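Notes follow once the structure below has been shown.
The values are calculated or read from the model by the stated rules, or taken from the named source; none is laboratory data. This is a predicted model, so every value here is computed, not measured. So basically every Cβ, Gly included, is an ideal-geometry build from the backbone, and we count neighbours across all protein chains shown.
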Amino acid sequence: MTPKNTLLALLALMFACGMADALYAATHMQMPAWWTVLSALLLNFLPFYWYRLDSEARQFRRSRWMSSAVVAISPLAIPLYLLRSRPQGARLHSLARMSGFVLMMLAAGVVGVFAFFVMPG
C-alpha cells in the first residue's frame, strides 16, 4: 500500500464513521462495541502506517519516541514529524497540505452523515 492509498483509506473510514453515526443517531440505538473498537483501532493504525511508509520513502530515521507519539497523540506528532522530515523550504507547504487533509477528513465525515439521510428508504 502506498502512502496515498493509506490516506484514501483514512478518508473512506471517516465517511463510514459519518454514515454509522447518522444511522445509530437516527434509530436512537447505541453503536455496537465492535464498531467503536474497530474504528478506533483503524483511526490509530492508519496514520501510523502512513508515517511509517512516508518516513521510509524519505529515509527519515524514526525514533521510538516519535513512533509512540504518532500513535498516542497524532494531531501533535504528525506536524512535528513533517517539520523535522521536510527540507527547509518545504515545511510550511507540508503543514498547509496536512491542514487541508484534516479539513478533507472532516468533510468526509459530514458527507457520510448527509449520504445516510439522502439514501432512499
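Structure values in brief
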item: Any hit, the range 83-97, residues being under 18 Å from Met14 (Cβ atoms), free of Cβ contacts under 8 Å to residues at least 60 places away in the same chain and hydroxyl-bearing (Ser, Thr, Tyr); result: no
item: Residue list for the range 85-121, filter: of a type in the set (Gly, Ala, Ser) and surrounded by 13 or more Cβ atoms within 10 Å (Cβ to Cβ); result: Ser85, Ser94, Ala107, Ala108, Gly109, Gly112, Ala115
item: Entirely in the range 28-121, the helices (runs of 4 or more DSSP H) that have 2 or more residues that are at pLDDT 95 or above and acidic (Asp, Glu); result: 33-57
item: So Leu80, is it under 25 Å from Ala40 (Cβ atoms), aliphatic (A, V, I, L, M), more than 15 Å from the chain's Cα centre (by Cα) and exposed (fewer than 15 other Cβ atoms within 10 Å of the Cβ); result: yes
item: Total residues in the range 3-24, condition small (Gly, Ala, Ser) and surrounded by 18 or more Cβ atoms within 10 Å (Cβ to Cβ); result: 3
item: Those residues of the range 21-40 which are farther than 20 Å from Phe101 by Cα and either under 12 Å from the mean Cα position of the chain (by Cα) or touching a residue at least 60 places away in the same chain (Cβ under 8 Å) (or both), in sequence order; result: Asp21, Ala22, Leu23, Ala26
item: Selected residue (criterion: farthest from the chain's Cα centre (by Cα)) from residues of the range 47-61 that are surrounded by fewer than 15 Cβ atoms within 10 Å (Cβ to Cβ) and within 19 Å of Thr6 (Cα to Cα); result: Gln59
